Amino acid sequence: MEVIVGVLLDDLIRTYELQEGGRLRRILVCSLTPGVQAVVVFRFGQWVHLQPKFLRIFLKPIYMVMNGIIQIMWGIEIQHSAQIGAGLYIGHFGGITISGDAIIGKCCNISQNVTIGVSGQGENRGVPIIGNGVYIAPGARLFGKISIGNNVKIGANAVIYKDIPDNAVVVLDPGFKIISYKGNRNEVINTQIPIS
C-alpha cells in the first residue's frame, strides 16, 4: 500500500505544481480536475488488485463503479493492470484509452483523445513501452509492440507504430516524422534577480 500511496502522492504533487495561483486555489483545481480523479481511481484499482482475495471481493465492485463513472463522465479509460510510473499528468479529459498491458514511465503527460493500445499478430502483437518524461499531444495514437524512448515529445494526431529513440520530437507526416534528435527539454536558467 505504501508504494501505491507514494506514487499517487507524486501524481498529485506534479499536477499541483503545474497549476497557478495560491495554495487553496491549486488544491481546489486539482481536486476538480478530471485527470486527477481518473488517476486516483486508477491507483485505487492497482491497490485493490494487490489486496488479499477476501478483501478484493468487497473492494473490486467499488473500484468498478468508480472506474465506470470516470469513463462515463470524463471519457478516460485506464485499466488498473497498466504499469504507469509516478508523476502521471492528464491535462484534459475525453477520449483517453490506455491498454491494461501498457508500460509507461515516470512524469509523463497524456493529452485528450490519446490511444495507447494493442496491435499486431503473433510475435508482433503487443503494446507500447513508453519511457520517462514523454509528452503525448492531443489525438496521438500509439499502438503495437514498440518502444518509445525517454524525453520524447509526440505531436498532435501523430500515429506511432515504430520505435522512437530518446529525445526525439515526432510530428504527423502523415504517420509520423522525427524532426529532431536534440531533445525537447530546455536548460534550466536561473531567473532569480538580486534585489537592490
Neighbour-count ranking [beta-carbon atoms within 10 angstrom, fewest first] of Ser31, Ser111: Ser31, Ser111
Relative contact order [Cα under 8 Å, 6+ residues apart], segment 2-180, whole percent: 13
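Can you give the calculated 222 nm mean residue ellipticity of the chain, where each DSSP H run of n ≥ 4 adds -39,500 (n - 2.57) and the sum is split over every residue, rounded to the nearest 500 deg cm²/dmol?
-11000 deg cm²/dmol
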Gained length - Ser31 relative to Leu59, 0.36 nm times residue gap less alpha-carbon distance: 7.8 nm
Under 28 Å between alpha carbons - lysine pairs in segment 2-180 that sit 8 or more apart or on different chains: 11
Inter-label distance, nm, simple model (7 Å from Cα along the C-beta direction), Gln121/Gln83: 2.8
Taking all pairs of distinct alpha-carbon atoms in segment 1-113, Kirkwood radius in angstrom: 14.3
The chain: Rg to Rh, with Rh as the Kirkwood radius over Cα pairs: 1.01
Peptides ranked, highest mean first, by Cβ atoms within 10 Å: ranges 3-9, 147-153, 157-163: 147-153, 157-163, 3-9
Backbone N under 14 Å from the Glu17 label point (7 Å along Cα→Cβ), restricted to segment 148-163: none
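Since every read-out is calculated from the coordinates, none of them should be taken as a lab result. Small disclaimer: the values here were computed from a predicted structure and weren't measured. Cβ: placed from backbone, ideal geometry, glycine included. Neighbour counts: every protein chain shown.
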